[in-house]
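Visitor: Handing you a structure now.
The values are calculated or read from the model by the stated rules, or taken from the named source; none is laboratory data. What you are looking at is a predicted structure, and each value in this text was computed from that prediction instead of being measured. Neighbour counts run over all protein chains shown; Cβ positions are idealised from the backbone, glycine included. Heavy atoms of the whole protein, side chains included, go into the accessibility calculation; ligands, DNA and RNA do not. Shrake-Rupley method; radii C 1.70, N 1.55, O 1.52, S 1.80 Å.
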Amino acid sequence: MEKSVKIALLGCGTVGGGVIIVLNENREDIAKKAGCAIEVKTVLVRDKKNLKPEIKKYNVGYTDNLDDILNDPEIEIVVELIGRVHPAKEYIEAAISHGKHVVTANKDVLADYGKSLFALAAEKKTDFQFEGAVGGGIPIIRPLRACLAANKISSIMGIINGTTNYMLTKMSQEGLSYAQALAEAQAKGYAESDPTADVEGIDAARKIAVLASLAFNTPLTLKDVHVEGIDNIDACDIEYARDLGYVVKLLGVAKNDPENGISANVYPVMLPKNHPLASVNDVYNAIYVNGDAVGDAMFLGRGAGRLPTASAVCGDIIDIVRNIRNHACGRIGGNLFEKKKMCPPDKEMAPCYFRLQVADRPGVLAAIASTFAAQQMSIASVIQKNVMDNGTAELVIITNKVSRLSLDLSLRTLQVLPVVNEVCSVMRVEDPALP
Ligand code: NDP
Ligand code: HSE
């Protein structure tokens with residue numbers, strides 16, 4: 001067999017540690033598949049004392065100086081797994097500029113700097129791969145860049161954050177509080193180092209920006225995505241959803257409407273219980289793609305976690321080793337060759353659920369109904385729940401389809417309406433029965 005390909009890891013946390021485990025535990029099969037052994041020569045860490053015991057047993061070198069990696073001519077592939085935008089972006093650029101092939105699982109960097117990194121990799125003729133950045137262990141990036149490349153893709157949507165799906169599942173099936181569910185997701189290694197990115201929908205927004213860019217051949221960044229998280233969703237919303245026959249999921253949804261343009265959204269949605277995404281639970285993610293040739297295709301699997309994400313990262317490493325051995329690096333470049341217009345918010349339509357704390361007195365419903373009417377929003381149903389001792393009541397309202405613009409304007413009015421004490425939560429409702 002040929003001499004080994006040597007790689008370096010930047011970061012040895014949840015995913016970095018997983019990559020060391022998978023490359024070592026499956027070493028022989030991987031070498032046969034790649035055509036040569038793959039050796040982790042150097043790992044960049046901030047402090048060796050932070051290494052987990054299960055990683056220390058593997059024989060790899062450590063450094064706290066990036067230059068040791070950049071200036072080592074034996075290292076051909078650099079795997080960035082430190083997370084966040086800075087200095088990860090600068091480290092990736094430095095690695096590519098030194099002629100290294102790069103693998104990353106960093107959607108934060110990709111969502112903001114994907115276009116310039118693709119260009120740099122093309123200029124330096126290096127491979128730049130990022131299968132782990134969306135959907136954890138689910139193959140979705142390579143399918144979009146290769147297997148589905150012949151399609152005009154009209155929509156890509158699904159559950160693309162493992163932490164929030166785990167939380168919503170635990171809140172709904174085991175009655176865990178929001179805080180308990182988040183703590184469990186963090187302990188399992190699903191959450192970002194700053195979990196507000198997960199619960200506020202930012203992580204999913206970065207992922208839908210990456211997916212939509214590849215699907216629609218146009219550069220989208222985080223700024224192009226309208227984001228609502230689950231941080232305002234309470235256990236009682238999940239209960240109301242259940243009573244109404246729905247399940248709550250945080251979805252990323254991107255559409256390419258030839259007439260109105262591209263829309264990219266992340267928001268919590270009430271899905272009918274029999275919807276295919278309603279039964280995707282725990283850390284699982286599921287992504288639907290619709291292409292003009294393939295029709296509907298669905299990708300399902302573990303969307304976060306050490307070994308599932310390491311599976312995707314190691315797949316990229318093996319692919320690059322094959323390219324190196326066959327002198328075929330840089331085969332699949334960035335495909336962001338078009339600048340497409342974005343869909344205006346008055347053209348994005350969906351039914352909505354509102355939960356409001358209101359004064360429990362006559363005329364309240366009329367005031368709310370006239371706020372909705374001013375935005376041409378029609379009410380499908382109203383349920384009054386839980387009259388409290390302090391003279392307030394909880395109102396649950398479901399509307400027919402409203403535009404995102406009308407929704408935003410009505411919310412602004414409701415928030416200052418004297419009879420409304422609080423707009424507690426708002427969700428889209430996916431229900432073909434609602435006009
Ligand atoms: P962790 O926080 O577990 O690991 C990151 C590691 O990088 C930490 O050990 C940290 O060290 C180290 N690090 C941070 N900055 C530096 C630096 N400047 N120099 C050297 N080391 C540094 O994160 P994950 O492993 O969970 O995530 C890594 C990447 O993978 C992120 O981009 C994340 O979004 C992505 N990802 C994660 C998934 C998951 O399920 N966890 C799934 C898919 C993608 P220290 O311990 O000193 O802070
Ligand atoms: N924090 C992310 C999630 C990790 O929960 O989905 C996977 O990208």
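Visitor: Return the pair list, or none, for Cβ contacts closer than 9 Å from residues in segment 157-169 that are more than 17 Å from GLY189 (Cα to Cα) to residues that are within 13 Å of ligand 1 (Cβ to nearest atom) and among the basic types (Lys, Arg), at least 6 apart or on different chains.
Guide: That search, which allows pairs on different chains as well, returns nothing.
Visitor: Filter segment 41-52 down to the residues that are within 22 Å of ASP72 (Cβ to Cβ), open to solvent by 10 Å² or more (accessible area, probe 1.4 Å) and of a type outside the set (D, E, K, R) and list them by number.
Guide: Matches in segment 41-52: THR42, LEU44, VAL45, LEU51.
Visitor: Check every one of the helices (runs of 4 or more DSSP H) wholly within segment 162-243 and list those with 2 or more residues that are in contact with a helix residue (DSSP H, G or I) (Cβ under 6 Å, 6 or more places away or on another chain) and under 28 Å from LEU411 (Cα atoms).
Guide: In segment 162-243, 162-173, 196-199, 202-216 are the helices (runs of 4 or more DSSP H) which contain 2 or more residues that are in contact with a helix residue (DSSP H, G or I) (Cβ under 6 Å, 6 or more places away or on another chain) and under 28 Å from LEU411 (Cα atoms).
Visitor: In addition: Among all residue pairs at least 6 apart or on different chains, which show Cβ distances below 8 Å where the first residue, located in segment 400-418, is within 15 Å of SER378 (Cβ to Cβ) and the second is in a helix (DSSP H, G or I) and not acidic (Asp, Glu)?
Guide: Note: pairs meeting the criteria are VAL402/SER410; SER403/PRO345; SER403/LYS347; SER410/THR371; SER410/PHE372; SER410/ALA374.
Visitor: Right, another one. I'd like the full set of residues that are over 30 Å from LEU117 (Cβ atoms) and surrounded by fewer than 19 Cβ atoms within 10 Å (Cβ to Cβ), limited to segment 239-270.
Guide: GLU239, ARG242, ASP243, LEU244, GLY245, GLU259
Visitor: Still on this structure: Listed residues ASP346, ASP319; which is within 28 Å of GLY136 (Cβ to Cβ), in a helix (DSSP H, G or I) and more than 23 Å from the chain's Cα centre (by Cα)?
Guide: Of ASP346, ASP319, the one residue that is within 28 Å of GLY136 (Cβ to Cβ), in a helix (DSSP H, G or I) and more than 23 Å from the chain's Cα centre (by Cα) is ASP319.
Visitor: Scan segment 62-88 residue by residue and report those that are open to solvent by 30 Å² or more (accessible area, probe 1.4 Å), of a type outside the set (Ser, Thr, Tyr) and more than 16 Å from ligand 2 (Cβ to nearest atom).
Guide: Selection gives ASP64, ASN65, ASP67, ASP68, ASN71, PRO73, GLU74, GLU76, HIS86, PRO87.
Visitor: Could you grab the pairs with beta carbons closer than 9 Å, sequence gap of 6+ or different chains, first residue in segment 28-41 and of a type in the set (Asp, Glu), second one part of a helix (DSSP H, G or I)?
Guide: As it stands, the answer is GLU39/LEU23, since those pairs meet every condition given.
Visitor: Sort out which residues of segment 99-128 are more than 16 Å from ligand 2 (Cβ to nearest atom) and basic (Lys, Arg), and write them in order of number.
Guide: Hits for segment 99-128 are LYS100, LYS115, LYS124, LYS125.
Visitor: Another one. Any idea which residue in segment 91-117 is nearest to ligand 1 (Cβ to nearest atom), counting only those that are more than 24 Å from ALA212 (Cα to Cα) and in a helix (DSSP H, G or I)?
Guide: Ranking the candidates gives TYR91 first.
Visitor: For VAL43, state whether it is more than 16 Å from ligand 2 (Cβ to nearest atom), of a type outside the set (Lys, Arg) and outside any loop (DSSP other than H, G, I, E, B).
Guide: yes
Visitor: Identify all residues within segment 185-205 that are crowded, with 22+ Cβ neighbours inside 10 Å and more than 9 Å from ligand 1 (Cβ to nearest atom); write none if there are none.
Guide: Across segment 185-205, the qualifying residues are ALA185, ASP198, VAL199, GLY201, ILE202, ALA204, ALA205.
Visitor: Among the residues of segment 134-151, is there at least one that is on the phi > 0 side of the Ramachandran plot and either assigned to a loop (DSSP other than H, G, I, E, B) or buried (at least 24 other Cβ atoms within 10 Å of the Cβ) (or both)?
Guide: Yes - at least one qualifying residue is present in segment 134-151.
Visitor: Given the conditions (1) within 16 Å of ligand 2 (Cβ to nearest atom); (2) open to solvent by less than 40 Å² (accessible area, probe 1.4 Å); (3) assigned to a loop (DSSP other than H, G, I, E, B); (4) not acidic (Asp, Glu), which single one is not true for TYR58?
Guide: Result: TYR58 fails condition (1) only.
Visitor: Which residue pairs have Cβ atoms under 9 Å apart, sit 6 or more places apart or on different chains, and have a first residue in segment 299-314 that is open to solvent by 40 Å² or more (accessible area, probe 1.4 Å) and a second that is charged (D, E, K, R) and near ligand 1 (Cβ under 8 Å from one of its atoms)?
Guide: Matching pairs, first to second residue: none at all.
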